[in-house]
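Nothing in this text is a laboratory measurement; each read-out follows from the coordinates by a stated rule. Predicted model, so just to flag it, every value in this text is computed and none were measured. So basically every Cβ, Gly included, is an ideal-geometry build from the backbone, and we count neighbours across all protein chains shown.
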């Protein structure tokens, strides 16, 4: 008998030929949810150990991603000792693994558990006030914990971008997790910024994550850790168009769980000059990163897009 691998196409054929497939799929989802609710009751050290093991396995096996992390750290921290950069690279994978595994209790644990493990600090009152606010939320690995806790604690109109995940099961897991509290609006990137501007004008708290390389379009080249980086200008443009303050928040992985820090609104921002405003955003982010270099999303090729005439910074 011939052997056929269970590819996505094979699953599609099975689904089409089996009338009970939707029922079976729903049954699997139900079992998965019950298992995760049970796992969410485990002590935090169990999650942290499992997450560290997962992250270190990726560090050992995902050589291309490890190279990208190491290269980013080399470009951004040339003054650091190579041994220190190696420790940060390793910590990056551990932080990724722990934050990924922690989603089980963040999205399936009870309300009190989340309140105890995710602390809110700083100017939380700025997010509780009436009126729209634009949040700068850079890609630290505690981001999902911060989003979960803030949407749990503050009942208001929350909006953010959402990028579909690879595979329907993963996409459902992440989407439903991020929708757990406050019925937020998740806007697909393909929808552009118009819905975001509409949301701000209706009084939303919009969390924007504009610190990735999305190509040259709608970007300016400004310094990020002294490297030219394609930086999107959506943050200052939305703030100017809607006339709203920009309030940054970050979330740290700490021994007892997570710590959300809401910071002061940026005074005099935006200035009206996209390049000046993009550079200011990057400078602020540099300061946040220096407090926890091993918790930032270095797996992304931040310097992939180059100005005309500049050589590539990553090997093929």
GNM top mover of 189, 302, 90 - the chain, alpha-carbon springs below 10 Å: 189
Residue of 170, 263, 281 that the Gaussian network model of the chain assigns the largest fluctuation, springs spanning Cα pairs under 10 Å: 170
Computed FRET value (nearest 0.05) for residue 110 with residue 308, which takes r as the C-beta separation and R₀ as 51 Å: 0.40
Whole-angstrom gap from the stretch 228-305 to the stretch 25-71, using each part's C-alpha centre: 27
For the stretch 160-207, the Rg and Dmax computed from alpha carbons only, in angstrom: 11.6, 34
Rough spin-label spacing in nm, given labels placed 7 Å along Cα→Cβ, for residue 286 and residue 29: 4.7
Highest-fluctuation residue, 63, 180, 252 considered, GNM on the chain with Cα pairs under 10 Å: 63
Prolate/oblate/rounded label for the stretch 97-200 (Cα gyration tensor, a/c 1.5): oblate
At 1.306 mPa s and 10 °C, Stokes diffusion of the stretch 40-295 via Kirkwood alpha-carbon radius, µm² per second: 83
Tensor-based shape of the stretch 13-151 (alpha-carbon gyration tensor, a/c under 1.5 rounded, otherwise prolate or oblate): oblate
The chain: antiparallel DSSP beta bridges as a percent of all, rounded to 5: 40
Expected 222 nm ellipticity per residue - DSSP helices of 4 or more, -39500 (n - 2.57), all of the chain, to 500: -15500 deg cm²/dmol
Gap separating the Cα centres of the stretch 101-131 and the stretch 197-211, nearest whole Å: 20
